[in-house]
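So the structure is just underneath, and the comments pick up after that.
The values are calculated or read from the model by the stated rules, or taken from the named source; none is laboratory data. Just so it is clear, the model here is predicted, and its values are computed rather than measured. A quick note on method: Cβ atoms are made from the backbone with ideal geometry, for glycine too, and the neighbour counts reach across all protein chains shown. Keep in mind that these areas ignore ligands, DNA and RNA; they rest on the heavy atoms of the full protein, side chains included. Shrake-Rupley method; radii C 1.70, N 1.55, O 1.52, S 1.80 Å.
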Amino acid sequence: MNASPRTIPTLPRPVVALAPARRATLWRRCGATALLCAGIVVVILLSTSTGPLATSLSDAAKIISGHFLPGMVWMQDGTISVSQDQAVWNFRLPRTLLAGIAGASLALAGALLQTNVRNPLAEPYILGVSAGAGVGAVLAIVSGSTAVAGLGLNAAAFVGAAGATVLVYLLARQGGVIAPSRLILAGVALGSLLAAITNFLTITTEAQNVYSVLFFLLGSVSAASYPQLILPGIALAGVGLYAMLRSRALNAMLAGDETAIALGVNVTSMRRTLLLATALLTATTVAVCGGIGFVGLVVPHAVRMIVGSDHRRMLPLVILGGALFLMITDLLARTVAQPAEIPLGILTAAVGAPFFLWLMRSSGARAAGVDR
């Protein structure tokens, strides 16, 4: 008796067809991870060995390893001076680490925001969080004592960013639900208003305060210290872990709200949590580094071009890529115009603005997988 065609077992076509593609993606992912990790190590050594006080790459490596592994003989044999040790360990290394944490935080915030609003051109600073931090910081600077209401500059910037986040959240709600389009419009409008306040405070303050205001607004990690790494580091670790654990839900949101709901995702709660996570990353970064734009736009799209839009593969590379990108930018900021230092925001804009224009015109924006 002939078997019915329905009873003939067949192999699932996606398994056969996608297996080579999955292997290729895995190799790209592993290769990209290895390259990014190696690049971060190299840039740390280059950055810590670069400065007015001459220090070789090997000496910088010895100093760093000597502090992590006390008792190393080269720390007491006289080949490394006290000045070199202080320059590398107390000034250059925390600066480089802060640049890495800030870059990773802004890149992760950009990836989460683009998923949240399903817009490939979204970037953390459109929420107005940076503008809120700017108002708080400028108020602290123009007060003349770098303190306002008992808060230091970094604390005032964080409070300003938190206040802007609350306002954006309230303005973006529609019927008790956060609407992506209203979120973007509210962020742009509020950011413009807060920027106007910042500009007014800048032009009405004393001349000696203007440079400090501009340097903060344009972004810098020149005054980094180890205590400043704590808050943004905790925020990055917490949000990064949450995003990894919820990567499947993030993938579902890319397909649209109806599909995500059908797959069991609470879209309203998820969207609210992503907004808070994005704002937290941006606020903690801006509070210590000032305004640094375009990192959250450039890095996530570059990573998607390599490994696709699956958050399980993408998010680790976004974090590593963001860290490497801003560490390299900081190294260039210190060396391109020596002895002067270029604010980070200028260099990131020089890279990000052309990329933004290309992305806006390119049909590859949809192929990135965010607004499908």
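Heavy-atom accessible area for residue 37, with the other protein chains in place and a 1.4 Å probe, reaches approximately 60 Å².
Can you give the local net charge around residue 302? Use residues other than it whose beta-carbon is closer than 15 angstrom to its beta-carbon, Lys and Arg +1, Asp and Glu -1. Neighbour charge sum, excluding residue 302 itself: +3.
Evaluated with a Cβ-only charge set (Lys, Arg +1; Asp, Glu -1), region 92-360 carries a dipole of roughly 520 debye about its Cα centre, given to the nearest 20. Between 0 and 90 degrees, rounded to the nearest ten: what's the tilt of helix 207-218 against the longest Cα principal axis of the chain? Computed tilt is about 30 degrees. Across the chain, the mean sequence separation of Cα contacts (distance under 8 Å, 6 or more residues apart), normalised by length, yields a relative contact order of 26 percent.
Computed from Cα positions, the angle between helix 295-307 and the longest principal axis of the chain comes to roughly 40 degrees. Over the residues of the chain, the helix contribution to mean residue ellipticity at 222 nm works out to -23500 deg cm²/dmol, using -39500 (n - 2.57) for each DSSP H run of at least 4. Which one, 190, 80, 222, is farthest towards the positive end of the dipole of the chain when Lys and Arg carry +1 and Asp and Glu -1 on their Cβ? With unit charges placed on the Cβ atoms, the residue in question is 190.
Accessible surface area normalised per residue over the chain is 48 Å², counting heavy atoms of protein chains with a 1.4 Å rolling probe. When peptides 198-211, 234-247 are sorted by average Cβ neighbour count within 10 Å, with the highest value leading, the order is 234-247, 198-211. Taking 1.002 mPa s as the viscosity and 20 °C as the temperature, the Stokes-Einstein diffusion coefficient of region 138-236 based on its alpha-carbon Kirkwood radius rounds to 139 µm²/s. Normalised by 2.2 N^0.38 Å, where N counts its residues, the alpha-carbon radius of gyration of the chain equals 1.11.
At R0 = 41 Å, how high is the FRET efficiency between residue 361 and residue 312 if r is their beta carbon distance? Nearest 0.05 is fine.
After rounding, the FRET efficiency stands at 0.85.
FRET efficiency for the pair residue 269 and residue 143, taken as 1/(1 + (r/R0)^6) with r the Cβ-Cβ distance and R0 = 41 Å, rounds to 0.55.
Taking all protein chains as they are arranged and a probe of 1.4 Å, the heavy atoms of residue 230 leave approximately 100 Å² accessible to solvent. Using the Cβ-Cβ distance between residue 41 and residue 174 with R0 set to 45 Å, the FRET efficiency from 1/(1 + (r/R0)^6) comes to roughly 0.45.
Computed over the Cα atoms of region 228-304, pair by distinct pair, the Kirkwood hydrodynamic radius stands at 13.9 angstrom.
Of the accessible area of region 92-360, with the probe set at 1.4 angstrom, what percent is carbon plus sulfur?
70
Placing 310, 257 in order of accessible area, with the largest value first and a 1.4 Å probe, yields 257, 310.
To the nearest ten degrees, helix 230-245 and the longest principal axis of the Cα atoms of the chain are 10 degrees apart.
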